[in-house]
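Just so you know, all these numbers are worked out from the coordinates, no wet-lab data involved. In this text, all values refer to a predicted model and were calculated from it rather than measured experimentally. Neighbour counts are summed over all protein chains in view; Cβ atoms, including those assigned to glycine, are modelled from backbone coordinates with ideal geometry.
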Amino acid sequence: MLLAVWAAFCLGLAAVLHRRPAVLAILALTFWMFVPGVAGHLFTGRSEGSLSYQPATWLVLFACVVQMFRHPSTFFAELARRYVTYLALLFAILAAVVITRLGSQPAGSVLAVDQMLVPVLMFWLVGAGIAARPSELILLRNWIIGLAAVQAVLAILQYFAGSVIFYRSQFLTEYWFNPATWDRWMGTTDHPLVLSLVLCGAVPLIAGLRRSVVQISLLSLLAVATLITQSRTAAVLVPVGLIYVMIRSRAGASAKIVVGLSIALGSYLLVTSPIFAGLQSRLLDDTGSAAARTAAWTFFTDNWTQFLYFGDGITTSYRAARIGGLGTSLESAYLMYAVGVGIVVTTIYFGTQLVLVFRSLFARCVRGAFLAGVMMLIIPETFSSLGVETVSGPLLWMIMALVANPVADTLRPGPQHQVAAESAMVSS
């Protein structure tokens, strides 16, 4: 019954906003951000089975159905505009679903839909939406930054409260979450490393904002939250993003100096504050994390021929890791997918992302989109990002939408878009 109510709500929302497919994709990303995978059943009533999709998945699926019936020309024009990209992606996704359904854990196809199919459909919706309303590409950028800022605030509140605050009973079902000892926070994402992915994706995009005060405030907020996640990868990449924002900001030379000094002062204050202690302890003792990643790559290189064409299903990498003697997962989205659905299919899927990011080097994209795209290529390979139900997949493909849609093309139709174009465009 709860699923029927939620499905009806999503269908109604898709019908009301049928002229704004990009906004529907943004709303789906928002649902993903504030409803972690572990709590999706609170909205759908399904925690397992073939219909246990995440709540946002239903919105995206209904949005695509409505678009096909109400605006078929616009919807399929996006397919025609990038038909090679979509054919490669849809082939990889279909293969992943079929291989999983035929494998030993057919229910894993839910993960393939949530983390592969639906995020690509969100990418498609954005492409179709900006064809009619180019300025919504800037809306997407601003929304990603805003979502990251809200999650950063939540993580800071959790740090001071010493509690997850939201979805406590759901997080207690996770093997890694012990409220008595847990000191890494994640807002309403599924894990601190997922929050670190969100923060790293948002930081470079701040370069496109106009006001230096807003930039400094947001950068400070996201930097503090990064330390709270205690992610070592983010601790390296966020400073790269900070430097990028300082260099590529639209502000004048004097404002850039102010931004630079603010970043330097803020960095000093952060590393000398108690907030830095958690990250510092992980830098000194990673509790075997680096060794686990090394072991995962060793296992893969020793056995890659077994997974060249096929696997046993997208969720079976955990079992393969256990059989291989690993105490953790394979700690990499590529490795987990390669073991689960085969190296060929996985390479097509991730290779398409790489091509999109590379091609953005030769287009005038939203400022910071290229660096954000690079981070989306790197960070998912450092933990079980796309191998579990999190916002990682949807976020990745929303940033790919910024990467793949040049502002110079989308904001060209009329002079009313020139201000937005000037504030957002730059050769990446």
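Points worth noting:
- Residue match in the stretch 344-355 (condition: closer than 24 Å to P192 by Cα, among the β-branched types (V, I, T), in contact (Cβ under 8 Å) with a residue 24 or more places away in the chain and crowded, with 24+ Cβ neighbours inside 10 Å): no
- Residue among L218, L222, L197, L117 that alone is within 22 Å of the chain's Cα centre (by Cα), in contact (Cβ under 8 Å) with a residue 40 or more places away in the chain, assigned to a helix (DSSP H, G or I) and within 30 Å of Y86 (Cβ to Cβ): L197
- Residue tally, condition under 21 Å from H41 (Cβ atoms) and either in contact (Cβ under 8 Å) with a residue 12 or more places away in the chain or within 22 Å of the chain's Cα centre (by Cα) (or both), over the stretch 155-178: 9
- Checking R70, R101, R19, R82 one by one, the residue that is within 23 Å of the chain's Cα centre (by Cα) and among the charged types (D, E, K, R) is R82 and no other.
- Filter result (touching a strand residue (DSSP E or B) at 6+ places or on another chain (Cβ under 9 Å) and either aliphatic (A, V, I, L, M) or loosely packed, with under 14 Cβ neighbours inside 10 Å (or both)) within the stretch 356-366: L361, F362, A363, V366
- Of the residues making up the stretch 86-109, just one is surrounded by 19 or more Cβ atoms within 10 Å (Cβ to Cβ) and not in a helix (DSSP H, G or I), namely G103.
- Residues located in the stretch 164-186, provided they are touching a Pro at 6+ places or on another chain (Cβ under 9 Å) and within 14 Å of T229 (Cβ to Cβ): V164, R184, W185, M186
- Residue check, V153 closer than 30 Å to H18 by Cβ and either of a type in the set (A, V, I, L, M) or not in a helix (DSSP H, G or I) (or both): no
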